[in-house]
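Here is the structure we will look at.
The values are calculated or read from the model by the stated rules, or taken from the named source; none is laboratory data. These figures come from a predicted structure and were not determined experimentally. Please note: Cβ atoms are built from the backbone with ideal geometry, for glycine as well, and neighbour counts cover all protein chains shown.
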Amino acid sequence: MAEVHLLKIAHGRSGDKGSGSNVGIIARHPDIYPFLKEKLTPEVVKEFMKDVCKGEVERYELENLGALNFILNDSLGGGGTVSLKLDAQGKTHASLLLRMKLDVPQNLLDLVE
């Protein structure tokens, strides 16, 4: 096991819709996806993003893409046109989530090195 940033084993992409942001996390290798499904629960993401996300976190599994999609409700202060937040459009939320540290088995790290 090694503690690494999520970025080491996954890509991310984010966007926005109204007051919520959408964060996609994509495994860098198909064998990493089951690990992400186990470790990146809505509760874990909510705790990590608690300073950003004031509402519920929803998770959608996209097995065919090896990806997880998270909806961070009430994370944009009303959205781009009404919010006073610096990033009222959620474009950096994936970058933030990819900074999360996880204990990852070495055999999975070997797949991306």
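Against the condition within 19 Å of Leu7 (Cβ to Cβ), part of a loop (DSSP other than H, G, I, E, B) and either of a type in the set (Ser, Thr, Tyr) or modelled with pLDDT of 90 or more (or both), how does Leu111 come out, does it pass?
So Leu111 passes the test.
Looking at (1) in a strand (DSSP E or B); (2) surrounded by 14 or more Cβ atoms within 10 Å (Cβ to Cβ), can you tell me which one Leu76 breaks?
Against the list (1) in a strand (DSSP E or B); (2) surrounded by 14 or more Cβ atoms within 10 Å (Cβ to Cβ), Leu76 comes up short only on (1).
For the subset of the stretch 20-44 comprising residues that are outside any helix (DSSP H, G or I) and hydroxyl-bearing (Ser, Thr, Tyr), which member is farthest from Ile71 (Cα to Cα)?
Filtering the stretch 20-44 for residues that are outside any helix (DSSP H, G or I) and hydroxyl-bearing (Ser, Thr, Tyr), the one farthest from Ile71 (Cα to Cα) comes out as Thr41.
Of all residues in the stretch 1-16, which are outside any loop (DSSP other than H, G, I, E, B) and touching a Leu at 6+ places or on another chain (Cβ under 9 Å)?
The answer is Ala2, Glu3, Val4, His5, Leu6, Leu7, Lys8, Ala10, His11, Gly12, Ser14, Asp16.
Going through the stretch 86-106 one residue at a time, which ones are at pLDDT 95 or above and either of a type in the set (Phe, Trp, Tyr) or surrounded by fewer than 18 Cβ atoms within 10 Å (Cβ to Cβ) (or both)?
If the condition is that a residue be at pLDDT 95 or above and either of a type in the set (Phe, Trp, Tyr) or surrounded by fewer than 18 Cβ atoms within 10 Å (Cβ to Cβ) (or both), then Arg99, Lys101, Asp103, Pro105, Gln106 are the ones that fit.
Mind checking which residues of the stretch 4-35 are at pLDDT below 95 and crowded, with 17+ Cβ neighbours inside 10 Å?
Within the stretch 4-35, Ser14, Asp16, Ser19, Gly20, Ser21, Asn22 qualify.
Criterion first (in a loop (DSSP other than H, G, I, E, B), at pLDDT below 90, closer than 22 Å to His5 by Cβ and touching a Gly at 6+ places or on another chain (Cβ under 9 Å)) does Ser83 satisfy it?
Here the answer is no, as Ser83 does not meet what is asked.
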